[in-house]
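Asks: Structure incoming, see below.
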Amino acid sequence: MKVLRRIKSLPEYECNSKKCNDAKITLEEFDSQPIYFKSVIRPMLAIGHEGELVIWLKNIGILQHSQRCNNLIDNMECQGVMNWMPAKIIDQYQWKCKKCPKKRNIREQSVFQDVKCRFKDIVRILAGWCKGTDVEALTKLLCVKKQAVNAVYNVAASVAHKYIQTNLSRWQLGGPGTIVLIESYPEGFKELNSQEHFQNHIIPLICIAEIKEIPTRFWLQVLDRYNPNVQEQVQNANTVALHIIQEIVLPGSILVTNIDSKICSFDVLQSLKHLYPVIISKDGLKRHDHLNVLLDNFETIWFPALRICNEAQYYSNAHIQNFITNFLWRQKFENESFENLLHQMCYNFI
Ligand SMILES: [Zn+2]
C-alpha cells in the first residue's frame, strides 16, 4: 500500500528492506495516530497493562463474554458454565469449566480464532490496516511474522467487506443531476497510465467517480478477466458491470462514459436509460460548455483511483478484493476507520 507504489514488478510481499526504507517510522509515531488509538488503545499497550487490553476486548464484545463447556463426557457435552481466569499463557486469561477440568482459549469463536500473535500486536495490525500501512513495513515495525499481519489483514478486510455489502447505500454515488464518471480499467486509462507492466495478466476493474465534492468519491470493483476479442466474454463483463452500476449509482445521475470502450461504452449504457435519462459520451461533453471543464480535469480526478488500480495489480487474485475493500473503507471513514472497524468486529462471532 503506501510504501509499495514504486516497486515495479515485484509482488507486494517481496519488497526488500532497502526499498522499504522510506517507510520507516518508530513505534511511538505509529501509536500516535489515529487519535482514538492514541487515547484509548495505547495506554493498554504499556508494559504490565497487557491484561487490561484483553479484558477491554472482552468487554466491548470482540471476545466472547461468556462460554459454556464443550467437553464431551460419555458422549454428552458438559455444558458447564465457564469462568474467566487469569493464566500464565500468552493471552493472560482462559476459560475454565466449573464442573470439569476443561479449559478453553479466549480466542475461540472470535474473528481472531486462527490468528497467531499477541493481542497488542493484533490491535496495532488492525490500526495499520486502517491507515493503509504496507504488510512488509508493519512486519518489521512490530517484529512479528508476516503471516500474522496477513491473517489480521484478512480478518479486517472480511469484516469490512461484510459491512459494505450489507450497507451498500452508504457507498452509493450520484443522485439526480449529479455527474458520475464510468470507466473500466485498464482500457479507459490508456492515455493516463504510464505503467506498462502487467499487460499479460491484468485484472480489469470497473471505476465509478462522483463529481460532487472534493475529494472525489469512488467505487472500484474487480471484474473477471475477459478477452476483448471474444464477444461472449465482453458481453458477460458488461452484464456484471451494468449490475454494479445499478447497485452503486443512484437513479437520475448523469453518466459520462466513452464511445469506443469495450466495457460500459456509451452504447452499452443505453440499456440503463430508464434509470439514468442523461448519458453523455466524453466527446459529447465538448458540446456542453458547463461540463467541458471536466475534460481538462480528468487526469486529476482519476489520479487516486488509477493509483489504486495500478497497485491492485501487485496482489494475487485472492487478495485483490481485500485491497480494494481497504481502499473503500478508508475512503469512507478516513481518520475514524479504526474505531469503525473495531465497532463492526464487536459481537461478530464465528
Ligand atoms: Zn466442563
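Asks: In whole angstrom, how far apart do the alpha carbon centroids of region 256-272 and region 284-327 sit?
Replies: Their Cα centres are 17 Å away from one another.
Asks: Right, next: Can you give the net charge of the other residues whose Cβ lies under 15 Å from the Cβ of Val115, counting K and R as +1 and D and E as -1?
Replies: +3
Asks: Still on this structure, I have one more. Testing the spin-label approximation: label points 7 Å from Cα along Cα→Cβ at Leu27 and His290. State their distance in nm.
Replies: If labels sit at Leu27 and His290, their model points lie 5.8 nm apart.
Asks: For region 104-185, run through the trypsin sites (Lys or Arg not before Pro) and keep only the ones in DSSP coil with at most 16 other Cβ atoms within 10 Å of their Cβ.
Replies: Details: sites: Arg104, Arg107, Lys116, Arg118, Lys120, Arg124, Lys131, Lys140, Lys145, Lys146, Lys162, Arg170; in loops: Arg107, Lys116, Arg118, Lys145.
Those satisfying the criteria are Lys116, Lys145.
Asks: Please identify the chymotrypsin sites (Phe, Trp or Tyr not before Pro) of region 270-350 that satisfy two criteria: DSSP loop assignment and at most 11 other Cβ atoms within 10 Å. Which are they?
Replies: Tyr347
Asks: Are there any trypsin sites (Lys or Arg not before Pro) in region 205-237 that are in a DSSP loop and have at most 15 other Cβ atoms within 10 Å? List them by number.
Replies: Lys212, Arg225
Asks: Dipole of the chain (Lys/Arg Cβ +1, Asp/Glu Cβ -1, origin at the Cα centre): which of Thr178, Cys100, Ala157 lies farthest to the positive side?
Replies: Cys100
Asks: Quick one: 3J(HN,Hα) in Hz for region 158-164, Karplus 6.51/-1.76/1.60 with θ = phi - 60°, rounded, Gly and Pro as x.
Replies: 6, 5, 5, 4, 4, 5, 4
Asks: Quick one: which residues, 5 or more positions from Leu63 or on another chain, have an amide H under 5 Å from its amide H? H modelled 1.01 Å from N in the peptide plane, none for Pro or chain starts.
Replies: Here Lys58 satisfy the definition.
Asks: Then there is this: Give me the mean projected area, in nm² to one decimal, of the convex hull enclosing the Cα positions of region 207-335.
Replies: Answer in nm², one decimal: 8.8.
Asks: Right, something else. Only Cα pairs under 8 Å and at least 6 apart count here; give the relative contact order of region 179-321 as a rounded whole percent.
Replies: 24 percent
Asks: Now, a different point. I need the phi-derived Karplus couplings for region 127-135: 6.51 cos²θ - 1.76 cosθ + 1.60, θ = phi - 60°, integer Hz, Gly and Pro marked x.
Replies: Here the 3J(HN,Hα) series is 5, x, 4, 6, 9, x, 6, 5, 4 Hz.
Asks: Among all the aspartates and glutamates, which ones have a C-alpha under 18 Å from Lys102's C-alpha, if same-chain residues fewer than 8 places away are not counted?
Replies: Of all the aspartates and glutamates, those that pass the test against Lys102 - Cα under 18 Å, at least 8 places apart if same chain - are Asp74, Glu77, Asp91.
Asks: Based on the alpha carbons, how large is the Rg to Rh ratio for the chain when Rh follows Kirkwood?
Replies: Details: Rg = 23.9 Å, Rh = 22.7 Å.
That ratio equals 1.05.
Asks: Still on this structure, please answer the following. Residue by residue through region 73-89, what is 3J(HN,Hα) from phi via Karplus (6.51 cos²θ - 1.76 cosθ + 1.60, θ = phi - 60°)? Round to whole Hz and write x for glycine and proline.
Replies: Here the 3J(HN,Hα) series is 10, 6, 6, 10, 5, 4, 6, x, 5, 10, 9, 7, 10, x, 8, 8, 10 Hz.
Asks: Please identify the longest segment of the chain free of exposed GluC sites (Glu not before Pro), where exposed means a DSSP state other than H, G, I, E or B and no more than 16 other Cβ atoms within 10 Å.
Replies: With a cap of 16 other Cβ atoms within 10 Å, the longest stretch comes to 214-350.
Asks: Amide H to amide H under 5 Å from Leu223: which residues, 5+ apart in sequence or cross-chain, H placed 1.01 Å off N in plane?
Replies: Leu205, Ile206
Asks: To one decimal place, what Kirkwood hydrodynamic radius in Å is obtained for region 241-283 from all pairs of distinct Cα atoms?
Replies: 10.3 Å
Asks: Further question: Take the Cα atoms of region 145-190, build their convex hull, and give its volume per residue in Å³.
Replies: It is 112 Å³ per residue.
No lab work stands behind these numbers, since they all come straight from the coordinates. What you see is a predicted model; the values in this text were computed from it and never measured. When we count neighbours, we look across all protein chains shown, and the Cβ atoms used for this are built from the backbone with ideal geometry, even at glycine.
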